[in-house]
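These notes are about the structure you will find just below.
The values are calculated or read from the model by the stated rules, or taken from the named source; none is laboratory data. From a predicted model like this one, the values you see are computed outputs, not experimental measurements. Methodologically, a virtual Cβ is constructed for each residue, glycine included, from the backbone with ideal geometry; neighbour enumeration extends over all protein chains shown. Side chains included, ligands, DNA and RNA excluded: accessible areas come from the protein's heavy atoms. Shrake-Rupley method; radii C 1.70, N 1.55, O 1.52, S 1.80 Å.
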Amino acid sequence: MKRRDFIKNSALASSLFFVPGFLKAMDAQLAIPEGVKRLVIIQLAGGNDGLNTVVPFRNDIYYRERPSIAIRRKNIVQLNDELGFHANLIPLKVLYDNGELTVINNVGYPNPNRSHFRSSDIWHTGSASNEVLNEGWVGRFLDQYGENPYDAVEVGDSLSLMLKGKNNNGTVVKDTAMLNKVTGDPYFDQLLSYHQDPHLSEHNMGYLYQTMIDAKQTANYIYEKTKVVESRFDYGGTEFGKQMQTLAQFINSRLDTKIYFASLNGFDTHAGQSGKHENLLKIYAEGVSTLVKDLKANGTFKDTLILTFSEFGRRVAQNAALGTDHGAANNVFVIGKHLRRPGFYNQAPDLTRLDKNGDLVYEIDFRSIYSNIADSWLNVPGESLLGEEFERIQLV
Amino acid sequence: MKLQDIYHLYRRAAFGITPSDALKLTSLTREEVVDRLIDESEEVSPLNLDMPDIDEFFAGDFQGRIKEFEKLIRKNAEKHLIYNAAWLGRLVSSKEAFNERMTLFWTNHFVVGDQVLYYSVRYRNMLRRYALGDFRQFTKAVGKAPSMMKYLNTNQNVKGQPNENYARELLELFTLGEGNYSEEDIKEAARAFTGWGSMMDGSFILNRKQHDFGEKEFMGWSGDLDGDDIVNIICKEKACASFICEKLYRYFVNTDVNRNHVEAMAARFYKDYDIKELMRFVFTSNWFYDEVNIGNKIKSPIDLLTSIYRVVPFEFEDQRQQLFVQRLLGQSMLEPPNVAGWPGGRSWINSHTLMIRLKLASVFLGNGMIPSDSIQYKVASGRTFGGKFKISKNWESFDRQYGKLEPEALFEAICATGITKDSAKMFAESNGFTQRERSLQLMSLPEFQLT
């Protein structure tokens, strides 16, 4: 059922004469193109140390600048002559060997911002560093092409900026059974049957009522569709693992959801980095590789693309607390069946040419990646989500 | 003072007020009511937690006995539950409600997460002490608090290889705001905080060997600056007063900022950085009581819980369940998401949290179903909720305070916006509910999510 149809069929039927403001925009919308595939976006929140993730193991500068926290050769899984994964990323090596993983080095944007919150917003909205946008790039997808509140789903506790549009938002889902039970209270039906005021859409009151309508629709749809599909894979019991398992359940239930978002926190390793960071890489690699196995077993991997990013990388030199401070350019992972350039997309970072903060310099604008995914995977013009054209790159 | 304004003031500056207490204040002027509210926080009581074994440990010679201390910390860790419950209880029961409200604000400004309860309790009492004081002294004290030094690694910031974590957040989140300093300022400020640390008992020490005594250049000033100098220089910037005032405005007045109002606040604040006088200025301003500023804010989970309490006092019999509810709603008081704290406003609301929030009152206080005209409710009424929450509730207090109120007065006392005309129509056409059931219906409206 489309969002429009739901409104028609729901207790709000009589309200169509008034057409609430938040529905007006729908009429101008284009439908989502047929055959759209699924995109899963994962954020390594806090600023992942890309140099200790994909390690330049032949680089003297790397070892010189990080005497205590550099990854030693014996803990590296070699990928080519210069670069290797941290050993905890072994599960990803399989994907690399299968041609199902592209690593893009040196991704960033001009005039990098080193605040978590700003830089994260920049990645979420697809803005320039001196520009503040209030809608996420996925939110703009929902505004222009969205049909249902569950077109984009965040598996987590709250809705990230990336999934917020001007008129349409993505949906947060954590516990589908609980959500279904709570939304089923007859009082809410009675209440909504009275609420027809078009002015509600403008302020927080409208936002609350709209969220309530979306929640009722989403809860029922997801609960009914997913209750028969269960994931039988072992995701290791971590919170992130559970999120990946929920994702697998949703995708394998063939929900109409186009874009999923999840994040793994804790990458802000200013102090005592080594153990913490290694553990996070392990959680990430196990979660994602199990997700891929689960999707393959259910025939949904071929239509799923998984993008992993972090809001920034970290400084090349370690600090006195055996950690690293906020940096700039970083690597991005793309996982899928139909990659145009599996393996390394581009050259390793150049440690001889750092910016004046001692950080890596970007080579590929992150918006080129979004743009390519929009054009070639979501089948909508990248320009319609990002406002302008970026250098064309071909990942998918 | 108008009844509606009294409700508004107490919802924002404290944690609500009962109808009978509010009525008593209507004979006073606005200034008198505000003075009264502020004066009630004249003396600040700490919220302490009994940890006699740790007190005893620090009474003796504790030097070099870190292993023993760690053992005591682990032994006391389970008291987090007691402390969490005591804090929430304090919000709704303390005479110093205004100071507690300010403390809650500062908790989400000078954010720390600290697993060591001994430091964490002291940190929050420090916030209580300075909550209405001089912002400059406050900021200096925060920088020297062991919880903060641990959280943002000041205690690992040494000469030659500075750790920028604290310096960056001090400028970006605590004082000036993004865009009002340079990356170079961060590096220089980080040098000024080198060598800072604390003893096991939480007292501040400067490690002279690790401190960088060299010349630093910071925001146009230079010299052998230390951390306190950095704070003094920051506070000379008007941007600092504006940044803090804007944040206070978003929290206490409106998330949509009115520039004129914030600039008026900043002009007042910049004079002496006196937080108490700034807040008096806000609460006595006409614009604070403008229609657009009443009932427009989305409640935080803590606001939601305390506002339900204000209608029907309740208590969790199991403290673990209290923590479970806070986590479910997305605001566990001792577990902030990151150094920026909870963003607030609409971010509290998503399809998941909203529906739980709407059901909360009926689950806590009723039988788990919201009173409605449906068959399901009729069948379920009289049945007690077989749910898992063990909660004692004081409906008798509700009967005394709200039992006799006419519909309009009841709406006004429970919902900050009053209710929408559509909701009013529904209530008018759906009869036969007791006053208790009505209150549950009101607390299950989206209107009740606003304050």
Search result, residues across region A:164-182 that are in a helix (DSSP H, G or I), within 9 Å of chain B (Cβ to nearest Cβ) and either among the acidic types (Asp, Glu) or open to solvent by less than 50 Å² (accessible area, probe 1.4 Å) (or both): A:179, A:182
Residue count, region A:317-360, condition within 13 Å of chain B (Cβ to nearest Cβ), within 17 Å of residue A:106 (Cβ to Cβ) and among the hydrophobic types (A, V, I, L, M, F, W, C), comes to 1
Please work out if residue B:137 is under 18 Å from residue A:268 (Cβ atoms) and not β-branched (Val, Ile, Thr). no
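Consider residue A:215 carefully, then state whether it is on the phi < 0 side of the Ramachandran plot, outside any strand (DSSP E or B) and either open to solvent by less than 30 Å² (accessible area, probe 1.4 Å) or of a type in the set (Gly, Ala, Ser) (or both). Step through it out loud before you land on a result.
Working: on the phi < 0 side of the Ramachandran plot: yes; outside any strand (DSSP E or B): yes; either open to solvent by less than 30 Å² (accessible area, probe 1.4 Å) or of a type in the set (Gly, Ala, Ser) (or both): yes.
Answer is yes for this residue.
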By my count, helices (runs of 4 or more DSSP H) wholly in region B:394-451 with at least 1 residues that are over 20 Å from residue B:8 (Cα atoms) and away from chain A (no Cβ under 14 Å) are B:395-402, B:435-443
Wholly inside region A:54-105, strands (runs of 3 or more DSSP E) that include 2 or more residues that are open to solvent by less than 20 Å² (accessible area, probe 1.4 Å) and β-branched (Val, Ile, Thr) are A:54-56
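Going by the structure shown, is residue A:134 assigned to a helix (DSSP H, G or I), within 13 Å of chain B (Cβ to nearest Cβ) and either of a type in the set (S, T, N, Q) or buried (at least 20 other Cβ atoms within 10 Å of the Cβ) (or both)? Please lay out each step first, then the result.
Numbers: assigned to a helix (DSSP H, G or I): no; within 13 Å of chain B (Cβ to nearest Cβ): yes; either of a type in the set (S, T, N, Q) or buried (at least 20 other Cβ atoms within 10 Å of the Cβ) (or both): yes.
Answer is no for this residue.
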Please tell me if residue A:45 is open to solvent by less than 50 Å² (accessible area, probe 1.4 Å), touching a strand residue (DSSP E or B) at 6+ places or on another chain (Cβ under 7 Å) and free of Cβ contacts under 8 Å to residues at least 60 places away in the same chain. no
Single condition residue A:209 does not satisfy, out of (1) modelled with pLDDT of 90 or more; (2) more than 7 Å from chain B (Cβ to nearest Cβ); (3) under 16 Å from residue B:354 (Cα atoms): (2)
Between B:101, B:74, which is among the basic types (Lys, Arg) and surrounded by 12 or more Cβ atoms within 10 Å (Cβ to Cβ)? B:101
Take the residues in region B:338-374 that are without any contact (Cβ under 8 Å) to a residue 24 or more places away in the chain and within 8 Å of chain A (Cβ to nearest Cβ); name whichever of them is farthest from residue B:85 (Cα to Cα). B:374
Just for region B:153-170: of the residues that are buried (at least 24 other Cβ atoms within 10 Å of the Cβ) and more than 8 Å from chain A (Cβ to nearest Cβ), which one is modelled with the lowest pLDDT? B:154
Of all helices (runs of 4 or more DSSP H) completely enclosed by region B:147-264, which ones contain at least 2 residues that are within 24 Å of the chain's Cα centre (by Cα) and among the aliphatic types (A, V, I, L, M)? B:238-252
Any residue at all in region B:319-336 that's open to solvent by less than 20 Å² (accessible area, probe 1.4 Å), in contact with a strand residue (DSSP E or B) (Cβ under 6 Å, 6 or more places away or on another chain) and among the small types (Gly, Ala, Ser)? no
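Okay, residues lined up against (1) in contact with a Cys (Cβ under 8 Å, 6 or more places away or on another chain); (2) modelled with pLDDT of 95 or more; (3) not hydroxyl-bearing (Ser, Thr, Tyr):
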residue: B:176; (1), (2), (3): yes, yes, yes
residue: B:179; (1), (2), (3): no, no, yes
residue: B:190; (1), (2), (3): no, yes, yes
residue: B:193; (1), (2), (3): no, yes, yes
residue: B:201; (1), (2), (3): no, no, yes
residue: B:204; (1), (2), (3): no, yes, yes
residue: B:215; (1), (2), (3): no, yes, yes
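Output the residue which, of all residues in region A:154-163 that are of a type in the set (A, V, I, L, M) and facing another protein chain (nearest Cβ under 10 Å), is nearest to residue A:123 (Cα to Cα). First the steps, then the outcome.
Looking only at region A:154-163, we keep the residues that are of a type in the set (A, V, I, L, M), and these are A:155, A:159, A:161-163.
Pick out the ones that are also facing another protein chain (nearest Cβ under 10 Å) and you get A:159, A:161, A:163.
Numbers: A:159: 15, A:161: 10, A:163: 12 Å.
Within region A:154-163, the match that is nearest to residue A:123 (Cα to Cα) is A:161.
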Taking region B:238-278 on its own, how many of its residues are open to solvent by 60 Å² or more (accessible area, probe 1.4 Å), over 18 Å from residue B:13 (Cβ atoms) and not aromatic (Phe, Trp, Tyr)? 7
If we take region B:1-116, then helices (runs of 4 or more DSSP H) inside it with 1 or more residues that are among the acidic types (Asp, Glu) and in contact (Cβ under 8 Å) with a residue 60 or more places away in the chain are B:3-13, B:30-39, B:97-107
Which members of region A:299-327 meet the condition of being farther than 20 Å from residue A:59 by Cβ and of a type in the set (Val, Ile, Thr)? A:300, A:304, A:306, A:308
At pLDDT 95 or above, more than 22 Å from residue B:14 (Cβ to Cβ) and surrounded by fewer than 20 Cβ atoms within 10 Å (Cβ to Cβ): does that describe residue B:340? no
Take the conditions buried (at least 16 other Cβ atoms within 10 Å of the Cβ) and either under 30 Å from residue A:389 (Cα atoms) or touching a helix residue (DSSP H, G or I) at 6+ places or on another chain (Cβ under 6 Å) (or both) and apply them to residue A:118. Does it pass? yes
Pairing a residue in region A:367-396 that is farther than 12 Å from residue A:140 by Cβ with any residue that is among the acidic types (Asp, Glu), where Cβ atoms lie under 7 Å and the two sit 6 or more apart in sequence or on different chains, gives A:368/A:391; A:389/A:383; A:390/A:365; A:391/A:365
Would a scan of region A:271-284 turn up a residue that is open to solvent by 20 Å² or more (accessible area, probe 1.4 Å), closer than 29 Å to residue A:227 by Cα, in contact with a strand residue (DSSP E or B) (Cβ under 6 Å, 6 or more places away or on another chain) and in contact (Cβ under 8 Å) with a residue 24 or more places away in the chain? no
Expected output for region A:310-333 (first residue touching a residue at least 12 places away in the same chain (Cβ under 8 Å), partner of a type in the set (Phe, Trp, Tyr) and assigned to a loop (DSSP other than H, G, I, E, B), Cβ below 7 Å, 6+ apart or cross-chain) is A:310/A:267; A:326/A:312; A:327/A:312; A:328/A:312; A:328/A:362; A:329/A:362; A:330/A:312
Is it fair to say residue A:151 is over 23 Å from residue A:267 (Cα atoms), within 14 Å of another protein chain (Cβ to nearest Cβ) and either surrounded by fewer than 20 Cβ atoms within 10 Å (Cβ to Cβ) or modelled with pLDDT of 90 or more (or both)? yes
Residue under question is residue B:380, and the condition is that it be surrounded by 16 or more Cβ atoms within 10 Å (Cβ to Cβ), modelled with pLDDT of 95 or more and within 14 Å of chain A (Cβ to nearest Cβ); does it hold? no
Would you call residue A:230 more than 26 Å from residue A:162 (Cα to Cα) and exposed (fewer than 15 other Cβ atoms within 10 Å of the Cβ)? yes
